[in-house]
Amino acid sequence: MSTTAALVGATGGAGVTRLTVEFAAAMARDGREVAILDAAFATQGLAGYLQGRIDPDVTALATEERSLAEGLVELPVHASGRVVCCPAYAPFERLARAKTPEAARQFESFVRDAAVGYDQVLVDAPPVAANQALAAVSATDRTVIVASATPRGRDALPRMRDRLDDVGVSDPRVVHNRSTDDETADAAVPESDVTAPANAPVADDGDGAFTEAVVEAVDATLDVSLDVELEDGLL
């Protein structure tokens, strides 16, 4: 049965895109097929992890009522599984049209379509303040708030919880990103030594504290137990 989840930033700059990519890579390492859908239209960060031409992107699919399969791009991973992405990469004019209620409903249909063909579906979502972010949390089974373990991140966390509750999303899980502090979160993922998108992800074949934390965060936030062997043993 497919697991669908939206990773939502408590604030901008929380590192949601990178964490979404690493979650997917860790699951691919366990032989799973994963789809990532991009709802972060403004930053378009997912495109930076992909190679080759992006045409059509997710905003074109949503505004022109095209099928999800037309926009899926392979994310190279060193794993027995597979990761495909539907990124945003568009001019401003189309970004604006992709934020309409009609386009958001189309985005929701993409989540449902992906859930049929893939083991896991992840949505890279910005803080919930626009239609496509609302579509992301409405269409998925699980919402994970990604927050920094900083005063700014901690202050934003209850506001995001309240906003999610306002739109009918209860009991979101929480990840503290770029941190080892999991006292007030379900999981924590430290900052990686690898920062350039061209050199990521690392959880598909890497070892060490970062990959271990990613694997544990997948389990803690998505209830997906991964059979991944690291240097120190099996997680």
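Would you check which residues across the range 179-189 are of a type outside the set (S, T, N, Q), more than 16 Å from residue 156 (Cα to Cα) and either out of contact with any Lys or Arg (no Cβ under 7 Å at 6 or more places or on another chain) or assigned to a strand (DSSP E or B) (or both) and list them? 181, 182, 183, 187, 188, 189, listed by residue number. Residues that are touching a Phe, Trp or Tyr at 6+ places or on another chain (Cβ under 9 Å) and in contact (Cβ under 8 Å) with a residue 40 or more places away in the chain occur at least once in the range 166-189. Residues in the range 71-88 that are surrounded by 22 or more Cβ atoms within 10 Å (Cβ to Cβ) and not aliphatic (A, V, I, L, M): 71, 85, 86, 87. For the range 190-230, enumerate the residues that are of a type in the set (Asp, Glu) and surrounded by fewer than 23 Cβ atoms within 10 Å (Cβ to Cβ). Listed by number, the residues that qualify are 191, 193, 205, 207, 212, 216, 219, 223, 227, 229. Within the range 142-163, take every residue that is in contact with a strand residue (DSSP E or B) (Cβ under 6 Å, 6 or more places away or on another chain) and assigned to a helix (DSSP H, G or I) and give me the one that is farthest from residue 4 (Cα to Cα). By that ranking, first place goes to 153. Report yes if residue 156 is among the small types (Gly, Ala, Ser), touching a residue at least 60 places away in the same chain (Cβ under 8 Å), in contact with a His (Cβ under 7 Å, 6 or more places away or on another chain) and over 27 Å from residue 71 (Cβ atoms), otherwise no. Judged against the criteria, residue 156 is not a match. Can you tell me which residues in the range 35-62 are of a type in the set (Ser, Thr, Tyr) and either closer than 20 Å to residue 127 by Cα or touching a Phe, Trp or Tyr at 6+ places or on another chain (Cβ under 7 Å) (or both)? Passing the criteria: 43, 59.
Here 4, 11, 43 are screened, and the one residue that is surrounded by fewer than 24 Cβ atoms within 10 Å (Cβ to Cβ) and closer than 17 Å to residue 141 by Cα is 4.
Screening the range 1-34 for residues that are in contact with a Phe, Trp or Tyr (Cβ under 7 Å, 6 or more places away or on another chain) and farther than 14 Å from residue 125 by Cβ and picking the one that is modelled with the lowest pLDDT gives 2.
The values are calculated or read from the model by the stated rules, or taken from the named source; none is laboratory data. All figures in this text were calculated on a predicted structure; none of them were measured in a lab. With ideal geometry, Cβ positions are generated from the backbone for all residues, glycine too; neighbour counts draw on all protein chains shown.
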